[in-house]
């Protein structure tokens, strides 16, 4: 079929199915040969996304004087399993225990908008399968779209909604749950789910991508496949993050949800366990544990909410006026400070901290070094802060401490009770306490 | 000499010189043998600090019924060089070019307060030499106490004072300048001096210690010796940080002042160059460069002040209410955001950011990942932020960007002029711009 040079080719082009291979030629004779990839509703009118033989995708604005040729037979309907009906999986996959995939948006479920060149999230289950046909190759995967946004827009109330969906998935018989999530705030969400979910009968695996799945360099397919495998095969019951261990596609680190942080803006191996090695890794030879993960519970999984968002996280820096810090804390029930070194702020901040503690605000200390323990007993500043009632949170990451604060505020009324919850180990989040003590 | 059991030994003990070896016995027969180390004026009454044979220091509260024995002859007066008179150095050291050591307090110039067990800074030149007798072994060192405090209490105005002292030291003929500084905020100060000092005729080396010099495990002596050597022998003219490269005493990393961050609360090798390898290292075989440091200038060194402290640094996190962020920015001329990933905040923050920019506030973006570039052109959120006028600062650390903001605010009046200074390379602070571009 060749569109007539005289008629506008756009209507015919947009009617072609995803996967169709075509050759497109502009009026100057330039031509592109490629496969039509899913078109986002937010893509501009007349923008046709093509995957070229090089693997790169391009978006082409199709003028009325363009011509095109259909090169092969139209693709067959992709072998989409009945994603919502776990029991209907094919016999050879029926032995594999079912996994539920919760999607939230984020790069792993995003695609390039070929008009702007930017990346926008998609939430549609069919589109996920179009990008990740191998998703269901190892067994049934039940896809449940929960949110549809980039992770910088995920808020504390979403953590609770996600926790509830995890609980529902296990209640429906999932062996493990995968959450496809934007990487920007994945460490916050993984910590939140670690505190919010109790009695987990199987793995909860957060996974993301640093490149969107319609780009040839995407880490999305390999990360997602690894996450599904960990969720299906992992014999443990806690919240983890699975991402590239290094730059190659062969190995994936399994990080504890409370001890992981995004430490690079763009690399595939951006996620690092802090203050502890990763729990383990998945490579071609299987799952390997470096530390003992939390065992599976009998279940049922419980959502141990609620949370109270009246907590804050403030990073100290030289020149931060005490009044500005005090104003930041105003109206909050608790503040996690990311102090310097072993947990310090300028001594000029002691007054507002004392006043806040006097009126019942919980002030907790972590370190902006993002590694190592805080300790109020080494320097005079720390001693005075501890004497004022600042709670030192050992080796908790500031982000984990903040998330735990919101959880603790949702579970206790009085400052001493909130403090007791913050100091108690809830989800394997304290590492230093368990290490043999020696001079360092 | 044996103090009579009937008389209180305290007056005799406190009169003994530093360095005197004694045996001290309590009424129960327990005894300690050690050397008297300098006693801090803030140490409690009757507390005698002793360095034991094990190398550990203890503070002993001397009761009236204690006894002591003087074990050796009193020590000779330590060979303190005339620290303030460079020209008066001994002939064999006269060939070594002079180095100026500015002290500011911090652990490297701190000692344990034997009453409280905490660490307090000391500023006294003689005490520095008592702790670091080897300081002057390689040549003359001119000691200038500038500040006397832990580094969490060092404020932006102190950066200018330090810069002026560096300029004065070079004007007096120093070959290089060492600044002994607390490690907690050393990265802020090194960045500040990088922007504040121009036309440097020699090295400016910040150095600190993670353990105070009166503790046997102190990294202070080896760090300080390394810093002095880099200042004396280094053929370059920029601000660097010299600290342990690893856990052993044999190798020291030389970090560019704008690219270094304290990344562990207690380890000796807490300092890391971010987004670039260290400039070089010093080991037993000498100085080795991995990157080309900025060459020495003809001088004279200039202090390129002033700075304007009406800037702030705010780290975004999920659940940060836009109103709280807006209030934090209120009254400031500029705010550096430490956003997520490639430089994002929740889209709910766009309104206050637009309003702040409209009234002339400079809003700049960095990444809380602390590595990698920010980029507003990958995701929809970044595009909207850039369209609102947020300035993306490539691979600057949030802390370096904040310090540079204060410097830029001191040098320009209008927001576009401040923005132009922030985007211009001033002290080798941008790395990513100079790298060959390739898909990552």
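Remarks
- Count - residues of segment B:293-318 that are in contact with a strand residue (DSSP E or B) (Cβ under 8 Å, 6 or more places away or on another chain) and either at the interface with another protein chain (Cβ under 8 Å from one of its Cβ atoms) or assigned to a strand (DSSP E or B) (or both): 9
- Per-region count, segment B:394-439, residues in a loop (DSSP other than H, G, I, E, B), within 25 Å of the chain's Cα centre (by Cα) and away from chain A (no Cβ under 14 Å): 6
- Evaluation of residue B:334 against the conditions (1) at the interface with chain A (Cβ under 10 Å from one of its Cβ atoms); (2) in contact with a strand residue (DSSP E or B) (Cβ under 9 Å, 6 or more places away or on another chain) shows that the sole unmet condition is (1).
- Condition check for residue B:152: touching a strand residue (DSSP E or B) at 6+ places or on another chain (Cβ under 6 Å), surrounded by fewer than 24 Cβ atoms within 10 Å (Cβ to Cβ), at pLDDT 85 or above and assigned by TED's automatic domain parsing to the domain that holds residue B:232: no
- Checked against (1) in a loop (DSSP other than H, G, I, E, B); (2) within 14 Å of chain A (Cβ to nearest Cβ), residue B:200 passes all but condition (2).
- In this structure, residue B:360 qualifies as assigned to a loop (DSSP other than H, G, I, E, B), surrounded by fewer than 19 Cβ atoms within 10 Å (Cβ to Cβ) and either without any contact (Cβ under 8 Å) to a residue 60 or more places away in the chain or away from chain A (no Cβ under 11 Å) (or both).
- Top-ranked residue of segment B:370-393 - restricted to ones that are assigned to a strand (DSSP E or B) and closer than 22 Å to residue B:417 by Cα, ranked as nearest to the other protein chains (Cβ to nearest Cβ): B:392
Residues are listed down the side, and each one gets a yes or a no for (1) away from every other protein chain (no Cβ under 14 Å); (2) assigned to a helix (DSSP H, G or I); (3) in contact (Cβ under 8 Å) with a residue 24 or more places away in the chain:
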residue: B:149; (1), (2), (3): no, no, yes
residue: B:152; (1), (2), (3): no, yes, yes
residue: B:157; (1), (2), (3): no, yes, yes
residue: B:163; (1), (2), (3): yes, yes, yes
residue: B:178; (1), (2), (3): yes, no, yes
residue: B:184; (1), (2), (3): no, no, yes
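- Of the criteria (1) within 27 Å of the chain's Cα centre (by Cα); (2) more than 7 Å from chain B (Cβ to nearest Cβ), which one residue A:367 fails: (2)
- Those strands (runs of 3 or more DSSP E) lying entirely in segment B:20-126 with at least 1 residues more than 14 Å from chain A (Cβ to nearest Cβ), under 26 Å from residue B:179 (Cα atoms) and modelled with pLDDT of 70 or more: B:99-103
- Counted residues, segment A:133-147 - those being more than 19 Å from residue B:319 (Cβ to Cβ), without any contact (Cβ under 8 Å) to a residue 60 or more places away in the chain and buried (at least 21 other Cβ atoms within 10 Å of the Cβ): 3
- Comparison of B:257, B:208 shows that the only residue that is within 13 Å of chain A (Cβ to nearest Cβ) and crowded, with 24+ Cβ neighbours inside 10 Å is B:208.
The values are calculated or read from the model by the stated rules, or taken from the named source; none is laboratory data. This one's a predicted model, so the numbers in the text were calculated from it and none came from an experiment. Quick reminder, even Gly has a Cβ in these numbers, built from the backbone with ideal geometry, and neighbours come from all protein chains shown.
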